[in-house]
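A.B. asks: Just passing along the structure, written as structure tokens.
The values are calculated or read from the model by the stated rules, or taken from the named source; none is laboratory data. Here the structure is a predicted model, which means the values were calculated and not measured. The protein model used for the area step is the full one, side chains on, heavy atoms only, and it has no ligands, DNA or RNA in it. Shrake-Rupley method; radii C 1.70, N 1.55, O 1.52, S 1.80 Å.
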Amino acid sequence: GNNLNGTIPTEIGQLENLWVISLTKNSPTGPIPSTIGELSELRHLDLSHNHLTGEIPTMLSNVSNIQLMRLNNNNLRGNISPTLANLKKIIHLSL
């Protein structure tokens, strides 16, 4: 990891051709932007080992092409949404 900090900008959802987001082992804080759920081409989301807080956005279940999602080792709370079952292509899920 690097030493990136601050919040993940909601504008990340505008990068519509993005396949990979990997911010593992950095220091971002705050919630996971629900706009990530708008990235229909996203295959790999790794936000593990950070200082993210809040709930896992239910919008993440809209990322139909995602194969890997790692959100472990953060300060997330709340329920795990049953809508994650919509992720039919997922092969690795770490919460």
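A.B. asks: Considering only protein heavy atoms and a probe of 1.4 Å, how much of the accessible area of the chain is carbon and sulfur, as a whole percent?
C.D. replies: On the way: 2660 of 5410 Å².
Here carbon and sulfur together make up 49 percent of the probe-accessible area.
A.B. asks: Mind listing the phi-derived Karplus ³J(HN,Hα) values for segment 50-59, rounded to whole Hz, using 6.51, -1.76 and 1.60 with θ = phi - 60°, and x for any glycine or proline?
C.D. replies: 10, 10, 6, 10, x, 9, 6, x, 5, 4
A.B. asks: Can I ask one more? Enumerate the calculated ³J(HN,Hα) couplings along segment 6-14 in order (Karplus 6.51 cos²θ - 1.76 cosθ + 1.60, θ = phi - 60°), each rounded to whole Hz, writing x wherever the residue is Gly or Pro.
C.D. replies: Along segment 6-14, the couplings run x, 8, 7, x, 5, 5, 4, x, 8 Hz.
A.B. asks: Let me ask something else. With a 1.4 Å probe and all protein chains left in place, how much accessible area per residue does the chain have, in Å²? Don't skip to the answer; put the middle values down first.
C.D. replies: Numbers: 5410 Å² over 95 residues.
Result: 57 Å² of accessible area for each residue.
A.B. asks: Near the amide H of residue 8, under 5 Å away, which other amide H atoms are found, from residues 5 or more places off or on another chain, if H is placed in the peptide plane?
C.D. replies: So residue 8 has HN proximity to 29.
A.B. asks: Using a 1.4 angstrom probe on the protein heavy atoms only, could you order 44, 51 from most to least accessible area? Mind showing how you got there, number by number?
C.D. replies: Working: 44 55, 51 90 Å².
Result of the area sort, largest leading: 51, 44.
A.B. asks: Now a separate question. Ratio of the chain's C-alpha Rg to 2.2 N^0.38 Å, to two decimals? Could the numbers behind the result be given before it?
C.D. replies: On the way: Rg = 12.1 Å, N = 95, 2.2 N^0.38 = 12.4 Å.
Computed over Cα atoms of the chain, the ratio equals 0.97.
A.B. asks: Here's another thing I want to ask about it. If segment 40-86 were replaced by its equivalent ellipsoid, with semi-axes equal to the square roots of 5 times the Cα gyration tensor eigenvalues, what would those be, largest first, whole Å?
C.D. replies: On the way: eigenvalues 65, 38, 11 Å².
Calculated on Cα positions only, the semi-axes equal 18, 14, 7 Å.
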